[in-house]
1. Write down the Kirkwood hydrodynamic radius of the chain, to one decimal in angstroms, obtained as one divided by the mean of 1/r over all alpha carbon pairs.
2. Picking from Met138, Thr119, Ala28, whose Cα lies most toward the positive end of the charge dipole for the chain (charges on Cβ: Lys, Arg +1; Asp, Glu -1)?
3. List the residues whose amide H sits under 5 Å from the amide H of Arg202, counting only those 5 or more places along or on another chain, with H placed 1.01 Å from N in the peptide plane.
4. If you count only protein heavy atoms with a 1.4 Å probe, what accessible area per residue comes out for segment 59-192, rounded to a whole Å²?
5. Restrict the search to segment 114-190; then list the GluC sites (Glu not before Pro) that DSSP places in a loop and that have at most 11 other Cβ atoms within 10 Å of their Cβ.
6. With r as the distance between the Cβ atoms of Asp236 and Gln27 and R0 = 25 Å, compute the FRET efficiency 1/(1 + (r/R0)^6) and round to 0.05.
7. Roughly how many debye, to the nearest 20, is the charge dipole of the chain about its Cα centre, given +1 on each Lys and Arg Cβ, -1 on each Asp and Glu Cβ, and no other charges?
8. On full extension of the chain, what length is gained from Arg9 through Ala122, given 0.36 nm per residue of separation minus the C-alpha to C-alpha distance?
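The values are calculated or read from the model by the stated rules, or taken from the named source; none is laboratory data. Bear in mind the structure is a predicted one, so any value in this text is a computation, not a measurement. When we count neighbours, we look across all protein chains shown, and the Cβ atoms used for this are built from the backbone with ideal geometry, even at glycine. These accessible areas exclude ligands, DNA and RNA; they are computed on the full protein's heavy atoms, side chains included. Shrake-Rupley method; radii C 1.70, N 1.55, O 1.52, S 1.80 Å.
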Amino acid sequence: LVASATRERGATLADAADQVALLSLRQAAPLESSWAVEGVAAWLSRRDLGSDPSHPPVPDPLLDEAGALTTPGVLAAFLEALEIRLPRGAGDVREAWEEAGERGGDDTDAFLRDLAERTGAASLGACVAEVVASRLAMTSTPRSDSPAVSRRIWLAGDVVPAAPPPLGWRRVSLRTEDERAGLEIALPEAGAHAARLLLLYRGDGGFDSLPVFPGTARVVPAAGTASVEVVLADGDGADEAPLHVSRVPDYPAALDRKSV
């Protein structure tokens, strides 16, 4: 039932579409968690009402410093971003949801990992990190809602941010505007399942995005950049997620005068 006497027509229609989506999703997968049903319903109803998946919602929850797919609004925004990466778009989401319902029980994690696999991502964590980094890159400027870790701090040793929540992400910004060398960033085995390094350059506002996985290191240029955004994704609930950050003085190369 949708009250309509004192509401705008668009709000009434959106409410009705959302309730129809909720009912159809519950019928297809009755045992899935409520946050998943609400998030998928929000994505489905907005899509069927004509929203454009290439334009992020306002405000965009994927630009927050931290978040998790277990929040319905975040899941809806994630599915909107994921739709253009899936071979069959919304058809893949519907099929994955129905397959989760056929397995019985609360199988939301498997539903999300199935979607990540369909995009070609190495894991759900890598998929989350890529989507969040892509949304950040669309702004082409460092985010100002969380202070960047100053160069003095990361030169002294590891940076230890809070770990991302399960099925979520956390963002760390390293200030690099006064650095002329390179950075080696290593991810520990625990605390995050994947990460994405987003290099934001000074001047024209360009960017590069590079993956990094647990137990591995990546060397990136710092000269010419304003900051390096590290998106840690799909955490395991650990309290901390230390990043080993070290300076690489001769990166990308040191010229030998004798060979010039």
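1. Values: mean 1/r = 0.0505 Å⁻¹.
One over the average 1/r among Cα pairs gives 19.8 Å for the chain.
2. Of Met138, Thr119, Ala28, it is Met138.
3. Residues meeting the criterion, in which the H sits 1.01 Å from N, are Thr225, Ala226.
4. Spelled out: the 1.4 Å probe surface of segment 59-192, per residue, equals 41 Å².
5. Glu189
6. Values: r = 33 Å, r/R0 = 1.32.
Working from the Cβ atoms, E equals 0.15.
7. On the way: 25 positive and 39 negative charges, 183 e Å.
So the magnitude is around 880 debye.
8. Roughly 36.3 nm would be gained on extension.
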